[in-house]
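Student: Quick one: the structure is below, questions incoming.
The values are calculated or read from the model by the stated rules, or taken from the named source; none is laboratory data. The shown structure was predicted, so the numbers you read here are calculated from the model rather than taken from an experiment. Heads up, the Cβs are rebuilt from the backbone with ideal geometry, glycines too, and the neighbour counts pull from every protein chain shown. Surface accessibility is based on the protein's heavy atoms, side chains included, excluding ligands, DNA and RNA. Shrake-Rupley method; radii C 1.70, N 1.55, O 1.52, S 1.80 Å.
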Amino acid sequence: MSKTGHTIFIAVLTAVVILTLTVLIYTGFSYYNTNLEERFFHISHSTLKPSGILGHGLGIIGSFLILIGVFSYMIRKRNRSLMRLGLLKHWLEFHIFLCTLGPIMILFHTAFKFGGLVAISFWSMVAVFLSGIIGRFIYIQIPRSIEGRELSISEVRDMKSDVGDIIKLSEGLDEESYNLITESTKRRVSAYHENFFVRIFKNYSDDRQSISKVKSALKKNKFTKNQYRQVVGLVKHEIALNRKIERLVTMQNLFKYWHVAHLPFALVMLVIMIIHVAVTVAFGFRWIF
């Protein structure tokens, strides 16, 4: 998949989620905004209640989307014979799409009424969804190959370029600017702070200042637009790699701990969902079939 094709792919998936959420809110806002005791008399009750034609359908479709999203990604991740069927990161993005759209539909299936055993499944689903967002953040912090394989710290170091050698080829660059640019791409020891978020913000601020100084140096030396864009892009890439090397081990450990929290919630959600479906069928509830 080309870069443009991937951008379109992500845009379509995002648009589907936003459009679905918008339509569901627009369709049922009046009903969902009505008190539980008065919903029975609402004109849309027979359609939007959990056992209604739309409410029931949302539960069925949402459950299928989650199951497809979970098991298709697990099979692709563990079965090497499927490596030709797209990159793993694209499968992960599709997994995230299905496991976002599915819970949205199930949320509206419940008609925002939670109770009993199903409530455990619902809140487990919420925990899985929220932990998935955290997991995605951790995942993108770990450098990977184009196939999605996790890179070792030595492989990440090999990805670094010698910016000094590259900009030496540029004419008209004074020595002070040359030293400033090469220094900005060297790995520096971050100032330690007990608060993790303050530390992240401080690192981000330092990196932005370095990039700003590089841009000023390039403008002072009257680089062409293409040269300016190339050097700035290279400096940003090197700084990002430095940060990833710095926190690689921490993120790898966090990812291991994340699996310990994410998988149990997913299993609880799936088991109770299966029980819920079995009980529903046993009591004779049917949808359009």
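Student: Mind ordering 128-139, 69-80 by average Cβ neighbours within 10 Å, highest first?
Tutor: Per-residue Cβ counts within 10 Å, averaged per peptide and sorted highest first, yield 128-139, 69-80.
Student: Could you work out the local net charge near T34, counting Lys and Arg as +1, Asp and Glu as -1, over the other residues with Cβ closer than 12 Å to its Cβ?
Tutor: Numbers: positive: R39, K49, K113; negative: E37, E38.
For residues surrounding T34, the net value is +1.
Student: How about region 1-106: which GluC sites (Glu not before Pro) there lie in a loop by DSSP and see at most 11 other Cβ atoms within 10 Å?
Tutor: Those that pass, being in a loop and sparsely packed, number zero.
Student: I would also like to ask the following. Please give the solvent-accessible surface of V16 in Å², to the nearest 10, using a probe radius of 1.4 Å with every protein chain present.
Tutor: 50 Å²
Student: Now for a separate question. Taking 0.36 nm per intervening residue step and subtracting the Cα-Cα distance, what contour gain separates L21 from L267 on full extension?
Tutor: 86.0 nm
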